[in-house]
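Comments concern the structure below.
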Amino acid sequence: MCFEAACRARYAVTDVLYNCPKCGGLLEAVYEGAQPDAAELRGLWRERRLSNAPLDQSGVWRYREFFPFLDDLRHVVTLREGNTPLLDAPRAARYGGLDKLVFKHQGFNPTGSFKDNGMTCGASQAVRLGMRRVACVSTGNTSASMAAYASAAGLQPIIFIPHGNISYGKLAQALEYGAMTLQVEANFDQILALVRVLAERLGIYLLNSINPFRIEGQKSIMVEMMDQRDWRVPDWVVLPGGNLGNTSAFGKALREMAAAGLIDRLPKLAVVQAEGSAPFYDFMRQPAGDAFRAVEHPETLATAIKIGDPVSWPKALLEVTSTGGIVEKVSEQEIADAKAQIGLCGIGCEPASAATLAGIRKLTASGRMRADEDVVAVLTGNVLKDPDYIYRYHTSQLDAPGGKRLTSSFGNAPTVVPNDADKIAALLDT
Ligand code: F0G
């Protein structure tokens, strides 16, 4: 169905569409029929944790009643995604100005990012539609995830990435999982426009987050979080914002869980963007009614969220406002230091994910978030996604876009020592 309130045109679930043919709006999955009883669902979902059936072992498909778009579950392609932990992080809480902080770490997914939650659904829909080839443009994680799921399903993955702007960890995954990899001399936003034309012309199924089935899968992140919290609603859910697919998915999940009686209120969504790539932050501060303006040359070392023209902003706008949420932006220095603090918790994450803690620190400092509030921050990607960034930070060689050297406030450089027990012992004794 079309997401635009003025249109709401309806289409069949098997139509291959990424935008509304009538008005050009975004599309969303909408389900008809009676909602299962909330208590029954909670019981069923809990029971499935003891099951050895592949679908029940998936932290996405375990909640399949919440996105019933497939008519035949034999189309599902699963790598046992989801099942990501809630991790207590007292040290990060102190750094962020909170009494307590819990991370939901999506980096524990099979390909190391939250994209797997959505990709299992998008790839399953591609199988159901009888597609042979799938494509995406990506800042890295989507392509790694799509490559894995497409190959697991016997589909051909074709990925488009901005040349020189994705981390080797992510590029390496796409190559290893057998994706045909095209590095384009353009930024993410320009390549997305290109891929949309190519997908249409060549009949390739597009698996970017404009694909509504990916958004359905990403809803499971919030459902699983609530299940793990025994349905106690936090005050805030904090997440990084790039193309704003995750913000859209989280908000939709929360609204639908409230409508189904699974939760009794909505947590506030706090979306954090990188300063050089913050069109949604800017938009939320403009006078109401002003047009959305893309950032033409987005810049940030957190390459996962280096997106100047986020396609899902209309959905994200609805979700942030309907939860009474907030959008914040943070600097390169703030991201780098927050990331090191998350590392010192023994947790670790990729740069984009660390924008959450940097944002929390800013929100508590300005009194918009209280120290005693119940906060869950979503870490979207695994620490090993971007080792180059980490090495540079810890050896004081990390330069912000534009060349300014960042301060390695929590740097931890390796020490070169001679092969000499006495000298090493002396060093370790001090
Ligand atoms: N965090 C990570 C680690 C990401 O990879 C992304 C997006 C985001 C946050 C932002 O999420 O786009 O839903 O707001 N990465 C995309 C990609 C765009 O191509 O992998 P969003």
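The values are calculated or read from the model by the stated rules, or taken from the named source; none is laboratory data. Because the structure is a prediction, the values reported are computed rather than measured. Glycine also receives a Cβ, built like all others from the backbone with ideal geometry; neighbour counts cover every protein chain displayed.
Scanning segment 296-321 for residues that are more than 14 Å from the ligand (Cβ to nearest atom), under 20 Å from the mean Cα position of the chain (by Cα) and either among the small types (Gly, Ala, Ser) or in a loop (DSSP other than H, G, I, E, B) (or both) yields one hit, 299.
When segment 1-52 is filtered for residues that are in a helix (DSSP H, G or I) and surrounded by 13 or more Cβ atoms within 10 Å (Cβ to Cβ), the ones remaining, listed by number, are 38, 41, 42, 44, 45, 48. Candidates in segment 226-274 are the residues that are of a type in the set (Val, Ile, Thr) and either within 22 Å of residue 62 (Cβ to Cβ) or surrounded by fewer than 19 Cβ atoms within 10 Å (Cβ to Cβ) (or both); of these, the one that is nearest to the ligand (Cβ to nearest atom) is 237. Among the residues that make up segment 368-382, is at least one of them over 22 Å from residue 82 (Cα atoms), within 13 Å of the ligand (Cβ to nearest atom) and modelled with pLDDT of 95 or more? No; the residues of segment 368-382 include none that is over 22 Å from residue 82 (Cα atoms), within 13 Å of the ligand (Cβ to nearest atom) and modelled with pLDDT of 95 or more. For segment 379-390, the condition holds for no residue, the condition being that it is in contact (Cβ under 8 Å) with a residue 40 or more places away in the chain, of a type in the set (Ser, Thr, Tyr) and out of contact with any helix residue (DSSP H, G or I) (no Cβ under 6 Å at 6 or more places or on another chain). When the residues of segment 360-381 are filtered to those that are part of a helix (DSSP H, G or I) and either β-branched (Val, Ile, Thr) or touching a Lys or Arg at 6+ places or on another chain (Cβ under 8 Å) (or both), the one that is surrounded by the fewest Cβ atoms within 10 Å (Cβ to Cβ) is 364. Which residues, taken from segment 122-151, are part of a loop (DSSP other than H, G, I, E, B) and within 12 Å of the ligand (Cβ to nearest atom)? Listed by number, the residues that qualify are 138, 139, 140. Please verify whether segment 347-361 includes one or more residues that are more than 15 Å from the ligand (Cβ to nearest atom) and closer than 24 Å to residue 214 by Cα. No, segment 347-361 contains no residue that is more than 15 Å from the ligand (Cβ to nearest atom) and closer than 24 Å to residue 214 by Cα.
The conditions of being part of a loop (DSSP other than H, G, I, E, B), closer than 17 Å to residue 29 by Cα and among the β-branched types (Val, Ile, Thr) are not met by residue 166.
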